[in-house]
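Reading through the structure tokens given below for one structure.
The values are calculated or read from the model by the stated rules, or taken from the named source; none is laboratory data. All figures in this text were calculated on a predicted structure; none of them were measured in a lab. Neighbour counts run over all protein chains shown; Cβ positions are idealised from the backbone, glycine included. Remember, those area values only see protein heavy atoms, side chains included, never the ligands or the DNA or RNA. Shrake-Rupley method; radii C 1.70, N 1.55, O 1.52, S 1.80 Å.
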Amino acid sequence: MFSNASLSSVGQCSYIRLIHKDRSISCHLLMAKSKVAPSKPITVPRLELKAAVLSIKVGDMLSRELEYENMESIYWTDSTAVLGYISNDSKRFHTFVCNRVETIGSSTTPDQWHYVPSLENPADIASR
């Protein structure tokens, strides 16, 4: 799942990668979701956190609905701030950030999160 944010929206897209019995691999877009950013000004790192939480919610829903054995979720973001928040367990955050980091941490582990350059992030399309 990929997440992204801009000043006007947050978005995510979810792909499924299947390994078939003949060992061939296929990859398909399952769904994409975007939300308009709030009218109240909010920083880009906070919007990126909202996009990451959106990815978690969609990922949890897809895991429940698809019921595949051995399904592994991998999350991608072009936000180094989000990756820093997720991997930091020693610093205390403001309430907004703390609540979203807690939501992310309750469903995922830091090793499930990876960096993708903005130009290669398919979720970027939702925020343009």
Measure off, as a whole percent, the carbon and sulfur share of the 1.4 Å-probe accessible area of region 1-85, all protein chains present. 54
Quick check for me: using +1 on Lys/Arg Cβ and -1 on Asp/Glu Cβ, what's the dipole size of region 1-83 about its Cα centre, in debye to the nearest 20? 320
With viscosity set to 0.692 mPa s and temperature to 37 °C, compute the Stokes-Einstein D of the chain, Rh being the Kirkwood radius across alpha carbon pairs; µm²/s, no decimals. 217
Can you give me the accessible area per residue for the chain, using a 1.4 Å probe, in Å²? 64
Pairwise centroid distance, computed over Cα atoms, of region 28-43 with region 54-128, Å: 14
Rounded, prolate or oblate: which one fits region 53-128, using the alpha carbon gyration tensor with axes a ≥ b ≥ c (rounded when a/c is under 1.5, else prolate when a/b beats b/c, else oblate)? oblate
Loop GluC sites (Glu not before Pro), region 49-128 (other Cβ atoms within 10 Å of the site Cβ: 10 or fewer; DSSP): Glu67, Glu69, Glu72
Sparsely packed chymotrypsin sites (Phe, Trp or Tyr not before Pro) within region 37-128, loop by DSSP, other Cβ within 10 Å at most 14: Tyr68, Phe93
With springs only between Cα atoms under 10 Å apart, run a GNM on the chain and tell me which of Arg17, Arg46, Arg100 wobbles the most. Arg17
In a Gaussian network model of the chain with springs linking alpha carbons closer than 10 Å, the residue among Lys40, Lys57, Lys91 that fluctuates most is Lys40
